[in-house]
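Right, one structure below, let's go through it.
The values are calculated or read from the model by the stated rules, or taken from the named source; none is laboratory data. Note that the structure is a prediction, hence the values are computed from the model and not measured. Backbone-built Cβ (ideal geometry, glycine too); neighbour counts: all protein chains shown.
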């Protein structure tokens, strides 16, 4: 049956880490929808494949790379700032393949500066692409997950929540931490409603990774290959729901929990030992009264009652 093969949608897959995630999912048997804003005529791209961290790498060239490697992929453009575009992407994926098993949200806008030096337009762009884009993608995907009995996995590229992350990039952190809050909150919804076959997990790099945001990468010993990120995601997708739902993980730490101890193959420059940029331990976010909600308010029910 055609629809038995799992389907993965990777949002933000035109280059860098997103491209690697899409290619590695396809290599592991997924039919992949490659989504982002940048498109091109892949048949005319020379040389091919293009530099994976350059503007020449688009959803079309990534889909072509997957096809030429024997995998199955479809390129669908999306503007994550536009909810109609996001809804069309998710609906088109399900219409094309009949299902959606894995959703990876890697789309992101970045601008690191103090609040004083972050213009309002930059702030708005980051909130729309990062947190609003993710929220819209979830809104578009959840009805489809419902029709398949809540059997799915969601991966969000967002960080653990800790104070040092806010320093020097507050506007950026507001959106990225907001994405992590969505991971935590949606996971609680799943658990409270007895949806035991679906999980949402956030992932972030423990050490810097080569991407479109890392110029002159070939001379930077502090960088790792993006395959560490895709390997960690693949491990998450095969892990039991209860062990990953609502977790804010680091690529290296999650792989260590699965038994990986040698990370030398991920060093971009052979023999280098990339410096860890993330803390060794993160604050506990739960409180003693975690399970004491008092009287739960549901605005959606209140609104329906008034209609």
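See the values below:
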{"quantity": "Extreme residue, farthest from residue 157 (Cα to Cα), among residues of the range 5-28 that are surrounded by 23 or more Cβ atoms within 10 Å (Cβ to Cβ) and either out of contact with any strand residue (DSSP E or B) (no Cβ under 7 Å at 6 or more places or on another chain) or free of Cβ contacts under 8 Å to residues at least 24 places away in the same chain (or both)", "calculated": "23"}
{"quantity": "Number of positions in the range 138-148 that are in a helix (DSSP H, G or I) and either out of contact with any strand residue (DSSP E or B) (no Cβ under 8 Å at 6 or more places or on another chain) or surrounded by fewer than 13 Cβ atoms within 10 Å (Cβ to Cβ) (or both)", "calculated": "7"}
{"quantity": "Qualifying residue in the range 281-293 (condition: more than 25 Å from residue 195 (Cβ to Cβ), surrounded by 13 or more Cβ atoms within 10 Å (Cβ to Cβ) and modelled with pLDDT of 90 or more)", "calculated": "yes"}
{"quantity": "Which numbered condition residue 210 misses (of (1) closer than 30 Å to residue 139 by Cα; (2) surrounded by fewer than 23 Cβ atoms within 10 Å (Cβ to Cβ); (3) touching a helix residue (DSSP H, G or I) at 6+ places or on another chain (Cβ under 9 Å))", "calculated": "(1)"}
{"quantity": "Every pair of residues 6+ apart whose Cβ atoms lie under 6 Å, when the first sits in the range 149-170 and is in a helix (DSSP H, G or I) while the second is crowded, with 19+ Cβ neighbours inside 10 Å", "calculated": "165/159; 165/173; 166/173"}
{"quantity": "The range 266-302, residues that are farther than 14 Å from residue 206 by Cα and in contact (Cβ under 8 Å) with a residue 40 or more places away in the chain", "calculated": "268, 269, 272, 283, 285"}
{"quantity": "Within the range 186-227, considering residues that are assigned to a loop (DSSP other than H, G, I, E, B) and more than 30 Å from residue 270 (Cβ to Cβ), the one nearest to the chain's Cα centre (by Cα)", "calculated": "197"}
{"quantity": "Answer from 230, 180 - the residue that is over 20 Å from residue 126 (Cβ atoms) and either assigned to a helix (DSSP H, G or I) or in contact (Cβ under 8 Å) with a residue 40 or more places away in the chain (or both)", "calculated": "230"}
{"quantity": "Criterion violated by residue 256 - all others in (1) exposed (fewer than 10 other Cβ atoms within 10 Å of the Cβ); (2) part of a helix (DSSP H, G or I) satisfied", "calculated": "(1)"}
{"quantity": "Residue 120 out of contact with any helix residue (DSSP H, G or I) (no Cβ under 9 Å at 6 or more places or on another chain) and more than 19 Å from residue 154 (Cβ to Cβ)", "calculated": "yes"}
{"quantity": "Qualifying residue in the range 94-108 (condition: under 24 Å from residue 20 (Cα atoms) and surrounded by fewer than 16 Cβ atoms within 10 Å (Cβ to Cβ))", "calculated": "yes"}
{"quantity": "Per-region count, the range 70-87, residues surrounded by fewer than 18 Cβ atoms within 10 Å (Cβ to Cβ), more than 18 Å from the chain's Cα centre (by Cα) and under 16 Å from residue 59 (Cα atoms)", "calculated": "1"}
